[in-house]
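The values are calculated or read from the model by the stated rules, or taken from the named source; none is laboratory data. This structure is a prediction, so every number in the text was calculated from the model and none was measured. SASA here: full protein model, heavy atoms, side chains in, ligands and nucleic acids out. Shrake-Rupley method; radii C 1.70, N 1.55, O 1.52, S 1.80 Å.
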Amino acid sequence: MAENYSINYYYCSPEDLKRIDLFRKVSGDSEIALVSQYVRGFLGINRKKLLKLARMDIASREMSWLSWGKTVFAEGMEALPPRKKNISSSPFLDRIVLPENKEKRRLNYLLLGLQNTILLKFAIFNEGDSPLNFVSCVVAEHLERNWYTLYAPQVEAESFENWSDEILTLNGADDNGFTKEQVQEVVNAILGTLGTPKNSLHREAREAFIKGNYQRVELLASTNLYDFYCKSLAHLGRAFELASDTPTILAESARAAADFNREKILLKLGSDIKSAFD
């Protein structure tokens, strides 16, 4: 039975708000229903990892599954006895950065099942985050990953003028034999490799990419020729054209992402060596 998980509002970029409003008109879904769906999708994708972490958390508190679950559901993570040993894990949403011009959107609650409610509370606690920021990042990640493959085609299909091309590609593949879904999977992997932007240039490039402003990303890359982060994103913007050279474009983007991380590691090691001998 669905439970109401209380959350008064969330933040969203202006671009994602437009996307949500567009899809609401097509689907007839309420905003609560859509955001609930995004959160359930996140929990479904990460369920195995979350359950593994939950087992570690339960063991560290010397509790049973039943008592742990009932306490988290009714009173929250804060009501649990303290951990007797720390557990560590990689963050779920570290590459998502909400833009400075984010907008507040009224929500009231999410519709989640019992286990999803418990896992959401646990995930938020484990990330050291607030419900507001965590749910906002889930929404941003979901739309970044799925808009062009799941939602945009449905919005476009509302106009008969778009049906001619749509009918020719109902199997999801273009003449080159690969699909938007396959390209998006590679794009997501490269974005994950690039990680969270750490400076203003990278934040600007990332926000422009997420908004689909690929010309801006290419301009930033062309005026910062030694910046592998911008170079990687500039290649990615062209990948969605599904042209015959898409695999080559993705490979170039992946190489730039690898060079970016290689440069980052070398700088850190150089700094460590310098510190050791100072």
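Quick notes on this structure:
- Cα-based convex hull, the chain, per residue volume (Å³, whole number): 168 Å³
- A probe of 1.4 angstrom, applied to the heavy atoms of all protein chains, finds Ser27 with accessible area near 50 square angstrom.
- In percent, rounded to a whole number, the relative contact order of the chain is 22, using alpha-carbon pairs under 8 Å and six or more apart.
- Distance between the C-alpha centres of the stretch 198-252 and the stretch 28-64: 32 Å, rounded to the whole angstrom.
- Accessible carbon and sulfur surface of the stretch 197-276 relative to its total accessible area, %, 1.4 Å: 57 percent
- Sequence-distant residues sharing a close amide H with Tyr109 (under 5 Å, placed H): Ile7
- Share of carbon and sulfur in the accessible heavy-atom surface of the stretch 71-112 [1.4 Å probe, %]: 44 percent
- Per residue accessible area of the chain, 1.4 Å probe, in Å²: 55 Å²
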